[in-house]
Each structure stands twice: as C-alpha cells, then as structure tokens.
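Written out below as structure tokens is the structure these notes cover.
The values are calculated or read from the model by the stated rules, or taken from the named source; none is laboratory data. Here the structure is a predicted model, which means the values were calculated and not measured. Note that each Cβ is placed from the backbone with ideal geometry, even for glycine, and that neighbours are counted across all protein chains shown. Only protein heavy atoms, including side chains, enter the accessible area calculation; ligands, DNA and RNA are left aside. Shrake-Rupley method; radii C 1.70, N 1.55, O 1.52, S 1.80 Å.
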Amino acid sequence: MTIPWLTILALLPAVGAVVLIFTGVKAAKHVALVVSLITFAFALVIATRFTIGGGMQLVEQVPWIKPL
C-alpha cells in the first residue's frame, strides 16, 4: 500500500486549524509555524517524487460507495 501523499498534504492545514482552536493565544504562532513547516516538508517530498514524463503520478484511487 502506498502512502496517500496528496490527501495528507490537503488535510494537514485543516488539522492544524483544529489544533489552533484548542491552543492558547501565546502558542498559536508556534503551532501555526510548525504546521506550516510540516506541510512544506510534505510538499517537498512530493516534489522530489515527481518524475518528468512519467505519466500519471501520485494517483489515489479509493472507492467512495462500495455497494454501488
């Protein structure tokens, strides 16, 4: 099974926003910085895995409704 890189990249800022709701005002800057840096690191990993001319890459196929 492969790692769903694009899903993680899309959900990281949302998870960071939920964490920010529960943090205090003083820690908000630090939490936002850490989440931003983690998101940037994932984006760099995705960029390094991309090969030019490689066709469809980083594709995620997940069935939404299995009975149908």
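Structure summary
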quantity	calculated
Number of the condition not met by residue 57 [criteria: (1) in a loop (DSSP other than H, G, I, E, B); (2) open to solvent by 70 Å² or more (accessible area, probe 1.4 Å)]	(2)
Selection count where residues are part of a helix (DSSP H, G or I) and loosely packed, with under 10 Cβ neighbours inside 10 Å, scope region 16-30	5
Qualifying residue in region 45-54 (condition: open to solvent by less than 60 Å² (accessible area, probe 1.4 Å), part of a helix (DSSP H, G or I) and of a type in the set (A, V, I, L, M))	yes
Failed item in (1) exposed (fewer than 10 other Cβ atoms within 10 Å of the Cβ); (2) under 19 Å from the mean Cα position of the chain (by Cα), with residue 33 passing the rest	(1)
Pairs where the first residue, in region 40-66, is under 20 Å from residue 11 (Cβ atoms) and the second is basic (Lys, Arg) and exposed (fewer than 10 other Cβ atoms within 10 Å of the Cβ), C-beta under 9 Å, 6+ apart	none
Any pair with Cβ under 7 angstrom, 6 or more apart, that starts in region 10-25 at a residue that is within 13 Å of residue 36 (Cβ to Cβ) and ends at one that is part of a helix (DSSP H, G or I) and open to solvent by 50 Å² or more (accessible area, probe 1.4 Å)	12/38; 12/42
